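The values are calculated or read from the model by the stated rules, or taken from the named source; none is laboratory data. Every value quoted in this text rests on a predicted model; they were computed, and no experiment measured them. Cβ atoms come from the backbone with ideal geometry, glycine included; neighbour counts cover every protein chain shown. The area values use the complete protein model at the heavy-atom level, side chains included, leaving out ligands, DNA and RNA. Shrake-Rupley method; radii C 1.70, N 1.55, O 1.52, S 1.80 Å.
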Amino acid sequence: MTDTPGIPADLTWVRAAPEGEEGPGPWIEIAFGQDDFVYLRETGDPTSIVTTTRTKWEAFTKGVMAGEFDHFAEPAD
């Protein structure tokens, strides 16, 4: 990965891929940084990084687990 201005170079990225998947994706990767920052990127474009806070990330993941975003995954009629 090339250095992205303003993004710490020492982040540990974790790939959110289905268990057992070996391919390049595209997958989402997440890294938890210092000062409550959470970083997200796509494996196909690792220099495009979105930053949020741990509080917002936790609210989002709780919403996913509660089914609040299921309508985005449902097939169109």
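Identify all residues within segment 11-43 that are more than 8 Å from the chain's Cα centre (by Cα) and either under 15 Å from residue 56 (Cβ atoms) or of a type in the set (Phe, Trp, Tyr) (or both); write none if there are none.
13, 27, 32, 33, 35, 36, 37, 38 - these are the residues of segment 11-43 that are more than 8 Å from the chain's Cα centre (by Cα) and either under 15 Å from residue 56 (Cβ atoms) or of a type in the set (Phe, Trp, Tyr) (or both).
Out of curiosity, is residue 44 exposed (fewer than 12 other Cβ atoms within 10 Å of the Cβ) and touching a Pro at 6+ places or on another chain (Cβ under 6 Å)?
Yes.
Among the residues of segment 55-77, how many are of a type in the set (D, E, K, R) and surrounded by fewer than 10 Cβ atoms within 10 Å (Cβ to Cβ)?
Summing the residues that are of a type in the set (D, E, K, R) and surrounded by fewer than 10 Cβ atoms within 10 Å (Cβ to Cβ) in segment 55-77 gives 3.
What are the residues in segment 49-71 that are farther than 19 Å from residue 13 by Cβ and either touching a strand residue (DSSP E or B) at 6+ places or on another chain (Cβ under 6 Å) or of a type in the set (Val, Ile, Thr) (or both), if any?
Result: 55, 64.
Just to be sure I understand the filter: pairs with C-beta atoms under 7 Å, separated by 6 or more residues or on different chains, first member in segment 24-38 and part of a loop (DSSP other than H, G, I, E, B), second member surrounded by 13 or more Cβ atoms within 10 Å (Cβ to Cβ) and of a type in the set (D, E, K, R). Which pairs pass?
From segment 24-38, the pairs are 26/42; 36/54.
Can you report the number of residues in segment 16-33 which are at pLDDT 90 or above and open to solvent by 60 Å² or more (accessible area, probe 1.4 Å)?
2
Looking at 38, 50 in this structure, which one is modelled with pLDDT of 90 or more and either surrounded by 12 or more Cβ atoms within 10 Å (Cβ to Cβ) or on the phi > 0 side of the Ramachandran plot (or both)?
38
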